[in-house]
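The values are calculated or read from the model by the stated rules, or taken from the named source; none is laboratory data. Everything numeric in this text was worked out from a predicted model, so none of it was measured. For neighbour counting, all protein chains shown are included, and Cβ atoms are generated from backbone atoms with ideal geometry for every residue, glycine included. Surface accessibility is based on the protein's heavy atoms, side chains included, excluding ligands, DNA and RNA. Shrake-Rupley method; radii C 1.70, N 1.55, O 1.52, S 1.80 Å.
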Amino acid sequence: MWAPQLHKGLSPLQLCRIMRPDDANIMGNVHGGIILKMIEEAGCIVSTRHCNTQDGDRCLALLVRVEKTEFLSPVFIGEVVHITAEITYTSKHSLEVQVIVMAENILTGGKKLASKAALWYVPCSLQNVNKIMEVPSIQYVSAEQKEEGRKRYEAQKIERMETKARVEEVMPPLPNSEDATKEPHTVGFSQSSLIHLVGPLDCILHDYVHGGVTMKLMDEVAGIVAARHCNTNIVTASVDAINFHRKIKKGCVVTVTGRLTFVSNRSMELEVLVDAASLVEKEMKKYRAVSAFFTFISLDKDNKPLPVPPLKIKGEEEQRRFEEGNARYLQAKAKRLADNRQ
């Protein structure tokens, strides 16, 4: 994913901080949501800086999509996380930022690649949040690099619209109380929701929710679902594309719902949906704001993968989601094999 020196004249942004106990689960593994939040903060900073190098209204870059993100190595309390973010493509109204996450053991000096990500931002005017600003172009090293970026831009735009059309029509069912009390390893048994009132600390300058805050909440809910299903230590293995369909404003109540869609021998796929509704503006109906698929794995006390209990499917809808998840699983597996051959 990472492609350095795609352009001239721009310096990558670098952030780092030590991981604290409140960043991790009870087993000492840093939450994937913490890493996602740091990735988004770095992307927001480098994008906003770039967009404000031009004359005109000052603007703030807002997150609209995160491509599939792999969590390649676990991060632990006491390690220092280094985030490097670089703008790799610009269209007229959007930017692609690619990010590398390294984890450093400060006692030994050893470093490991923890994660990679690609994010897309659009700059919005500080005077009018609905006004999307033009993005200053970057200078590419070659025409080929620019063309590759354009193809990624076109592909994500199509996928974002297709995902929005699909998820807006689907509201997650409430957990079945009988499943929750009588039958483990069903979708209803592990399905979980988190309700959060958006306050000032969650927001950026526009009084809209910071993308990293939303991703952290999504990872927390996904982790609860995975832990309920396995009853073991679990960690985020990857996140499929996260699509931000609509902005969430301060004063909204967000409902973050996670449910299992597919289980293989060693991994679990969960769909996480974020719905929002204003607490004070009664005319604003609940709407779908964000959607994504998370993949978790189960670990033993030595952080070695454990088998995952099979998912008990009930009904045509759950079967359909399971088959779609299986297709995504096989596609991802084939891609990993192809990458390993290169």
| Gyration tensor (alpha-carbon) shape descriptor, segment 187-235, a/c threshold 1.5 | prolate
| query | Tell me, what is the FRET efficiency for Asp22 and Ala277 to the nearest 0.05, using R0 = 22 angstrom and their Cβ-Cβ distance as r? | reply | 0.15
| Added length on full extension, which subtracts the Cα-Cα distance from 0.36 nm per residue, Glu324 to Ser73 | 87.7 nm
| message | Once neighbouring chains are kept in place and the probe is 1.4 Å, which whole percent of the accessible area of segment 281-342 is contributed by carbon and sulfur? | response | 53
| remark: HN-Hα couplings for segment 123-133 via Karplus (6.51, -1.76, 1.60; θ = phi - 60°), in whole Hz with x for Gly/Pro, come out as x, 10, 4, 5, 7, 8, 4, 7, 8, 8, 8
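Take the Cα atoms of the chain, build their convex hull, and give its volume per residue in Å³.
Considering the Cα atoms of the chain, their hull volume per residue is 150 Å³.
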| note | In the chain, helical segments from DSSP H whose Cα atoms cover 24 Å or more along their own axis and that average at least -1.0 on the Kyte-Doolittle scale are 32-51, 211-230
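Of the accessible area of segment 23-86, with the probe set at 1.4 angstrom, what percent is carbon plus sulfur?
Accessible surface attributable to carbon and sulfur in segment 23-86 totals 58 percent.
How many Å² of accessible area per residue for segment 13-136, probe 1.4 Å?
Dividing the accessible area of segment 13-136 by its residue count gives 41 Å².
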| task | May I ask you to derive the relative contact order of segment 187-340, considering only C-alpha pairs under 8 Å and at least 6 residues apart, and to give it as an integer percent? | result | 25
| Projected label distance in nm at Glu162 and Lys333, using a 7 Å step from Cα toward the beta-carbon | 2.2
| Taking 0.36 nm per residue of separation and subtracting the Cα-Cα distance, what length does fully extending Glu183 through Arg341 add? | 52.6 nm
| request: Using per-residue counts of other Cβ atoms within 10 Å, averaged over each peptide, order 99-112, 24-37 from highest down. | output: 24-37, 99-112
| said: Multiplying the sequence separation of Gln139 and Lys151 by 0.36 nm and subtracting their Cα-Cα distance, what value in nm do you get? | reply: 2.6 nm
| query | Points 7 angstrom from Cα along the Cβ direction at Ile106 and Lys314: gap in nanometres? | reply | 4.9
| said: How large a share of the accessible area of segment 215-265, in percent, is made up of carbon and sulfur atoms when the probe is 1.4 Å and the other protein chains stay in place? | reply: 46
| note | For segment 1-145 the mean separation of alpha carbon contacts under 8 Å (6+ apart) over residue count, i.e. relative contact order in percent, is 31
| Long-range tail of P(r) for segment 187-340 (Cα pairs > 20 Å, %) | 53
| task | Kindly rank 131-141, 38-48 from highest to lowest mean number of other beta carbons found within 10 Å of each residue. | result | 38-48, 131-141
| query | In Å², what does the accessible area per residue of segment 187-340 work out to with a 1.4 Å probe? | reply | 46
| query | Per the Kirkwood definition applied to all pairs of different Cα atoms, how many angstroms is the hydrodynamic radius of segment 48-144? | reply | 15.3
| Within segment 213-245, what residues put their amide N at less than 20 Å from the label point 7 Å along the Cα-to-Cβ vector of Leu113? | 236-241
| message | Using a 7 Å offset from the Cα along the Cα-to-Cβ direction at both His93 and Arg58, what is the distance between the two label points in nm, to one decimal? | response | 2.4
